[in-house]
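Student: First the structure, then my questions, so here it is.
Here, each number is a calculation from the coordinates, and none is a lab measurement. Every value quoted in this text rests on a predicted model; they were computed, and no experiment measured them. Reconstructed Cβ throughout: ideal geometry from the backbone, glycine too, with neighbour counts over all protein chains shown.
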Amino acid sequence: SIRMHGAGSDRYEHVRLGLNGRMDTLQAAVLLCKLAIFNDELGRRRNTVELYRRELSQVPGVTFQRVEDNVQSAWAQFCILVPDPDTRDRIREFLAAEGIPTAVYYPLPLHLQPVFSDLGYKRGDLPVSEGCAEKILALPMHPYVERCVIEQCAKIVNYYVLQDRASGRGSSPHPEDPQRDSCFSEE
């Protein structure tokens, strides 16, 4: 389990401190070959992010991860925050039915991981982290995401966010809302 980030039986529940030590020689050989196209793939990821942001920028209550001007992200994931957990779950369910994978990175905040239980944190101690864990959604991200997948994701996110707002199910983040995380920003 140490090689797998210290994960226990649930891959998102960490019972010990760990690292990502799973690379074997075959994976290393493939990655060495991919170094030649690394910059191209990084550029493709940036283009994917720009397209996601453009497509999702008008969806009320959806926020994006903020990357500081002096920082360059590798965009291993593209995550958004949606207004509430139920909306996120409905979006995930519909996209899965369409064959579009999503993920939640990470459903259990760091302070609630078993490995840190001796620190004494309990649910409610860090509401911003907990709110992010409940509302975060990772959309497909790799150098070769097709435009139609990005557009379909945006369409579904928009539909469910607007539907939940109209029905009163969702709650829209407000600038003074303490649940709002500073690492995400509305655009």
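Student: Please order SER9, SER129, SER117 by the number of other Cβ within 10 Å, starting at the fewest. Walk me through the intermediate numbers first.
Tutor: Working: SER9 7, SER129 16, SER117 12.
Final ranking by Cβ density, sparse to dense: SER9, SER117, SER129.
Student: Among all stretches of the chain without exposed chymotrypsin sites (Phe, Trp or Tyr not before Pro) (DSSP loop, at most 16 other Cβ atoms within 10 Å), which one is longest? Before the final figure, lay out each step's value.
Tutor: Details: sites that count: TYR12, TYR105, TYR121, TYR144.
The longest such stretch corresponds to 13-104.
Student: Roughly how many debye, to the nearest 20, is the charge dipole of the chain about its Cα centre, given +1 on each Lys and Arg Cβ, -1 on each Asp and Glu Cβ, and no other charges? Present the calculation step by step, with values, prior to reporting the outcome.
Tutor: Numbers: 22 positive and 26 negative charges, 80 e Å.
In total the dipole reaches around 380 debye.
Student: A follow-up question, please. For the range 18-102, what is the convex hull (Cα atoms) projected area averaged across all directions, in square nanometres? Each step should come with its number before you reach the end.
Tutor: Details: hull surface 34.1 nm².
Taking a quarter of the hull surface, the average projection is 8.5 nm².
Student: Still on this structure, please answer the following. From Cα pairs below 8 angstrom and at least 6 apart in sequence, can you work out the relative contact order of the chain, rounded to a whole percent?
Tutor: Details: 249 pairs, mean separation 53.2, N = 187.
Across the chain, relative contact order equals 28 percent.
Student: Per residue, how big is the convex hull of the chain when only Cα atoms are used? Give it in Å³.
Tutor: Roughly 151 Å³ of hull volume per residue.
Student: Here's a follow-up. Could you calculate the contour length gain from ILE37 to ALA103, that is, 0.36 nm times the residue separation minus the distance between their Cα atoms, to one decimal place in nm?
Tutor: On the way: separation 66, 0.36 × 66 = 23.76 nm, distance 2.61 nm.
Value of the extension gain: 21.2 nm.
Student: How much mean residue ellipticity at 222 nm does the chain get from its helices, if each DSSP H run of length 4 or more adds -39500 (n - 2.57) and you divide by all residues, to the nearest 500 deg cm²/dmol?
Tutor: Working: 5 runs with 72 residues, N = 187.
It comes out at -12500 deg cm²/dmol, rounded to the nearest 500.
Student: Along the charge dipole of the chain, Cβ charges K/R +1 and D/E -1, which of LEU110, ALA96, LEU137 sits furthest on the positive end?
Tutor: It is ALA96, whose Cα lies furthest towards the positive end.
Student: Let me ask something else. Find which of MET23, ALA7, ALA76 sits farthest along the positive direction of the dipole of the range 1-86, computed with +1 on the beta-carbon of Lys and Arg, -1 on that of Asp and Glu, about the Cα centre.
Tutor: Of the candidates, MET23 comes out farthest on the positive side.
Student: Could you compute the FRET efficiency for MET23 and ARG66, with r as their C-beta to C-beta distance and R0 at 35 Å, rounded to 0.05? Please list the in-between numbers first.
Tutor: On the way: r = 30 Å, r/R0 = 0.87.
Given R0 = 35 Å and the Cβ-Cβ separation, E is 0.70.
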